[in-house]
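Notes to accompany the following structure.
The values are calculated or read from the model by the stated rules, or taken from the named source; none is laboratory data. Quick caveat: nothing in here was measured; it's all calculated off a predicted structure. Glycine also receives a Cβ, built like all others from the backbone with ideal geometry; neighbour counts cover every protein chain displayed. Calculation scope for accessible area: heavy atoms of the full protein, side chains included, ligands and nucleic acids excluded. Shrake-Rupley method; radii C 1.70, N 1.55, O 1.52, S 1.80 Å.
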Amino acid sequence: MIDYKTSLNAAQYAAVTATESAVLVVAGAGSGKTRTIVYRLAYLAEHGVDPHSMLLLTFTRKAAQEMLHRASHLLDQGLAGVQGGTFHSFAFSALRQFPPAWLAGRHATIMDSADINAALKQCKDDLHLGKGDRSFPKTAHIASLLSKARNKEMPLDEVIRRDACHLMPHADALCQIEEAYAAYRRRAGLLDYDDLLFELEGVLRENALAAQSLRERFRYIMVDEYQDTNRVQARLVRLLAGQEGAEGSACSVMAVGDEAQSIYAFRGADVRNILDFPTLFPKARIIRLEENYRSTQPVLDVANALLRNAPEGYRKHLFTSKAGGEPVRYVVPINDNSQADLVTARVQDLLQSHLPHEIAVLFRAGFHSYQLELALRKAGIAFRKYGGLKFSDAAHIKDVIAYARMLLNPLDMPAFERIAALHRGIGPKTMRKLYALATEGQPEATHKAFAKFPEFLQDIAFLDDVRAKALQPEAALTAIVEHYRPLLEEHYPEDYPRRQQGLEEITHMAADYQALDLFMADLALESPDEEEQDSEGKITLSTVHSAKGLEWNAVIILDLVEDRFPSRHALARPEEFEEERRLLYVACTRARQILDLCVPAATYNRQERMQEYAVPSPFMRELPSTACQTWVESFGGMLQQREAQQPAPSRLLPPSQPQPSAPEQSKAVGALASPVALGYCRHRIFGRGKAIKYIAPDKMQVHFPGLGIKTILTDYLVMEEGSAPSCPAE
DNA sequence: CCATAGACTGAAGAC
DNA sequence: CAGTCTATGG
């Protein structure tokens, strides 16, 4: 038996052993919440609970696998029966078992983001909306608005009014698109990410048999990262748990979360779920894990400083009983290009040091790491990148996936169209016509139309043939790859050998699956990593979002300048600005021993085709000078330590007066509740000679919701291009 | 005259 | 990779 009392602290022990009632674990960063879940899994297994009745919902499948792996390691026995993964993947497997009535008998396919975009584009075109209108939102933007509406469970026009008021003129058109898109999915038997959750909720409510069967099976539910669940997800937990205290429902739910780490409000996550948990489960115990076991005090000091400045004041103070630790470094490269070189050199140093070589470089957006990727390649340092483009985003992989999907679901419209478009002479118009004909069932017309494209006909015949053979996933994919080969060479004459390797990889991955549709679902839900084994010795590049829940000995954060971190998209509303703060908090708390914050003095502006002075991120400006050690790059690439002083003072608006005080600003404050956000926005306008170009007057309302154009012009736009910045308040 | 192919630019975060 | 613009083929 495992000695839980000595392996865990008192709070962790309480959380692990509280299996009778619902438990909410509020766990600070690095306070051992993974450890708690791992020990709880082991504890349950040791006390005779069948792994089959445990459900572990985490943010990534990888997180679930790792916890299960660690738990079975503790136990000396496997925990194979535990169902673990994301809400979405769990929903898919539940729906596979208990499909909703409208899907009866069909293999539903999950749409990936490319499918969603294609579908929306088609709906938009069919309705003749937004043609040639530059102010009409881009397809990807429409997708994010529709998804936001569903995740927040708010009508679409409400979401537009609140989050994108400049799109109000298009609200009607967008609502029409939303409707058409819903019809499209039903017709083609497709589920998008949001459908997975709502359809499962529907099944649990309407299909008593299914609900009972799932409830009987899952007696122990554990939900990680609860602060990033949305309303439906909370309802799903509730529905799966059944009535608390009701006869025969011994279901025990444990939710683990940290409100300071909520970084998914943009996709509808609702921190209220944590606050409402005790209402949902009145008998719930609440346990707090506070001591940090991960990071050194200097790292925690920076993290604490970040939260201290949050207007909402999370009552969080991370502490460790370990003393000492390397100071956090505030590094100022000359520009983003030399940042890549400095980071590469730093990584090389760390790799040669005695420290365990677990190093991560984190950044706000996928493309921020491009320069670094080049520099690392040149230096011969192996890395692995998470976030941004996925393995399954590559065109050739998508092609093969399309074949596999059409194998499962001949009506899968995006797949059909993708395959059609592979052949010469078929463009958007023709492929839609062909799909319509093929599904309407007019044999003669269909025959005639398809006869013009013999290669496409061959594809269809090939798929019919493979379908008849009912092959295993690996064999089916091998056949597809072989069939696709000539097309691959035709479409990618320059680099098809490299792409062929990717195709071999995907065939190989399929070998682990019993059924093709399960494999397809996993590809759409989470791109499985190519081969885990060679990850040894590689450093990690990752977006902060993808770094959630992970930790490294050394963490380097890139591009802590305005426009990048916080992202320029996060300016419109104070809540979004605060989410950026929590995002940076998450990034810093990933570090165990070493934390480097990179604040390039200049960044490349693509429009101007030149380097431009960058403004340090407001989060950096507010950091007390004692929190870190400043290193400035001098010409020639040398880093020099600068004696304690306010790190890299903001260029034009010193941190001592970041907020406007003049009376004329008070009317502007109306819409922007947070003075921090206002100070920040003002800084952007006045802090740079190019501000007028940067935020065009007619776009100002986007950045300052609620401000009229007149106010903006009279109160704000006081400088002309190229002139010295001047500010009415001064 | 429509539909397609090819060149070019610009990127948020993720299930 | 997606979206847009333009040249060209049917």
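For the reader, a short list of remarks on this structure follows.
- This model, with +1 at the C-beta of Lys and Arg and -1 at the C-beta of Asp and Glu, gives the stretch A:402-506 a dipole about its Cα centre of some 420 debye.
- Gain upon complete extension [A:Glu20, A:Asp76; 0.36 nm per residue less C-alpha separation]: 17.6 nm
- Inter-centroid distance (Cα atoms) of the stretch A:440-490 relative to the stretch A:188-221, Å: 34 Å
- Linear extension gain, A:Glu46 paired with A:Arg467, 0.36 nm per residue minus alpha-carbon span: 147.1 nm
- Computed accessible area, A:Val256, all protein chains, 1.4 angstrom probe, square angstrom: 0 Å²
- Spin-label model, A:Ala310/A:Asp126: points 7 Å from Cα along the beta carbon direction are separated by 4.3 nm.
- Taking a point 7 Å from the Cα of A:Ala140 along the Cα-to-Cβ direction, the residues of the stretch A:260-300 with backbone N closer than 20 Å to it are A:264-268.
- For the stretch A:419-499, the carbon plus sulfur part of the accessible surface works out to 55%, probe radius 1.4 Å.
- Across the stretch A:473-484, coupling constants 3J(HN,Hα) worked out from phi with the 6.51/-1.76/1.60 Karplus curve, θ = phi - 60°, read x, 5, 5, 4, 5, 4, 4, 4, 4, 5, 5, 7 Hz, and Gly and Pro carry x.
- Taking 0.36 nm per residue of separation and subtracting the Cα-Cα distance, full extension of the segment from A:Glu575 to A:Ala451 would add 39.0 nm.
- Under 5 Å from the amide H of A:Gln83 lie the amide H atoms of A:Met54, A:Leu56, each residue being 5 or more positions distant or on a separate chain, with H modelled from the backbone and absent for Pro and chain starts.
- Here the spin labels are modelled as points 7 Å beyond Cα on the Cα-Cβ line, and at A:Arg285 and A:Gln176 they lie 5.8 nm apart.
- Rounded to the nearest angstrom and listed largest first, the equivalent-ellipsoid semi-axes of the stretch A:1-103 from its Cα gyration tensor are 27, 15, 13.
- Between the stretch A:127-159 and the stretch A:536-586, the Cα center-to-center distance that results, in Å: 26 Å
- Accessible area of A:Ile2 (1.4 Å probe, protein heavy atoms only, ligands and nucleic acids ignored): about 30 Å².
- Accessible surface, 1.4 Å probe, highest first, among residues A:Lys121, A:Lys152, A:Lys429, A:Lys283: A:Lys429, A:Lys283, A:Lys121, A:Lys152
- Proximity of backbone amide H atoms, modeled 1.01 Å from N, is registered between A:Ala602 and A:Asn335, A:Asp336, A:Ala614 at under 5 Å, excluding neighbours fewer than 5 places apart on the same chain.
- Summarised as an ellipsoid, the stretch A:354-486 has semi-axes of 41, 18, 12 Å, derived from the eigenvalues of the Cα gyration tensor scaled by 5 and square-rooted, with the largest first.
- HN-Hα J in Hz across the stretch A:8-20 - Karplus 6.51, -1.76, 1.60, θ = phi - 60°, x for Gly and Pro: 10, 7, 4, 5, 4, 4, 4, 5, 5, 8, 7, 9, 7
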